[in-house]
Amino acid sequence: MYDDFSSDYDRFVDWSGRLAVELPFIERELRALGARRVLDAACGTGMHALALARRGYVVVGADLSAGMIEQAQANAVAASVDVRFEVAGFGELNARIGSDFDAVLCLGNSLPHLLTPDDQASALADFAACLHPAGLLLIQNRNFDAVLARRERWMEPQNHREGEVEWLFLRFYDFEPNGTLTFNLVTLRREGAGAWSQRVAATPLWPMRQGELTATMDAAGYGEIACWGDMQGASFDPQASPNLVVTARNSS
């Protein structure tokens with residue numbers, strides 16, 4: 001799914017708006033432990049990694065999608081910013097990229113792509129292996145407590161225009177009998193007043209609730225676990241917060 005979507009991902013995200021909102025919180029957490037070396041796991045097209053590199057951090061970006069990494073490398077060249085990007089998924093980051101990072105970021109609702117408790121535990125152990133003792137792990141997921149309680153199927157549509165070309169992005173969930181969600185992404189594109197073309201992609205997700213994620217992190221040996229409701233540091237409200245943002249320290 002993400003290989004196919006990589007060419008449109010930077011049209012889908014309003015990066016100037018998103019980074020303006022999220023970077024102050026991220027940097028607050030990084031400054032609190034004097035972080036310098038940062039691993040952006042599931043980095044997508046690399047925009048968080050590039051923004052942090054511009055601010056003086058040494059950043060490595062990793063993603064399972066080769067298409068996303070190709071776009072991230074192109075973005076780095078276009079921005080004249082030196083960031084190492086590697087194709088590597090959860091569970092293989094330490095083996096492929098190394099250790100002794102001050103912080104690991106897992107943003108953009110990436111962790112729920114792991115569909116079993118064993119895979120989630122393996123990813124958290126992999127993050128810990130990449131971190132030095134007391135290093136920071138910062139995870140950003142959707143608030144699935146609210147999604148599941150309200151059966152919240154549709155997300156806000158996104159649109160983008162370049163000259164005469166227009167894109168619309170529609171996202172919705174299917175609630176599956178086994179407890180997973182199917183995340184559906186519809187991309188509509190047209191030139192001028194021409195007909196819309198469409199592309200549909202889907203991928204399964206495990207809708208991790210707050211209690212499930214924090215318990216798994218505690219079992220993996222993380223300490224100082226704190227939950228936030230968005231990437232501005234609002235208190236977490238399981239009924240209303242848009243995100244579940246979790247910060248923790250590596251205790252291994």
What strands (runs of 3 or more DSSP E), lying completely within the range 68-147, carry at least 2 residues that are at pLDDT 95 or above and either over 22 Å from THR45 (Cβ atoms) or open to solvent by 10 Å² or more (accessible area, probe 1.4 Å) (or both)? 84-87, 131-142
Hits in the range 12-55 - residues which are part of a helix (DSSP H, G or I) and open to solvent by 60 Å² or more (accessible area, probe 1.4 Å): SER16, ALA20, VAL21, PRO24, ARG28, ARG31, ALA32, ARG54
Qualifying residue in the range 182-193 (condition: farther than 29 Å from PRO133 by Cα, open to solvent by 60 Å² or more (accessible area, probe 1.4 Å) and among the hydrophobic types (A, V, I, L, M, F, W, C)): yes
Residue, least open to solvent (accessible area, probe 1.4 Å), within the range 211-252, restricted to residues that are over 23 Å from ARG151 (Cβ atoms) and without any contact (Cβ under 8 Å) to a residue 12 or more places away in the chain: ALA234
Return the residue satisfying two criteria in turn: it lies in the range 196-210 and is open to solvent by less than 90 Å² (accessible area, probe 1.4 Å) and in a loop (DSSP other than H, G, I, E, B), and of such residues it is farthest from PRO117 (Cα to Cα). PRO207
Mind checking whether some residue in the range 168-181 is surrounded by 13 or more Cβ atoms within 10 Å (Cβ to Cβ), modelled with pLDDT of 95 or more, under 18 Å from the mean Cα position of the chain (by Cα) and of a type in the set (S, T, N, Q)? no
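Yes/no matrix, rows are residues, columns are (1) on the phi > 0 side of the Ramachandran plot; (2) in contact with a helix residue (DSSP H, G or I) (Cβ under 8 Å, 6 or more places away or on another chain); (3) not aliphatic (A, V, I, L, M):
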site: ARG37; (1), (2), (3): no, no, yes
site: TYR57; (1), (2), (3): no, yes, yes
site: ASP63; (1), (2), (3): no, yes, yes
site: ARG84; (1), (2), (3): no, no, yes
site: SER99; (1), (2), (3): no, yes, yes
site: HIS113; (1), (2), (3): no, no, yes
site: LEU124; (1), (2), (3): no, yes, no
site: HIS132; (1), (2), (3): no, no, yes
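The values are calculated or read from the model by the stated rules, or taken from the named source; none is laboratory data. Computed from a predicted structure; not experimentally measured. Cβ sites come from the backbone with ideal geometry, for glycine too, and all protein chains shown count toward neighbours. Heavy atoms of the whole protein, side chains included, go into the accessibility calculation; ligands, DNA and RNA do not. Shrake-Rupley method; radii C 1.70, N 1.55, O 1.52, S 1.80 Å.
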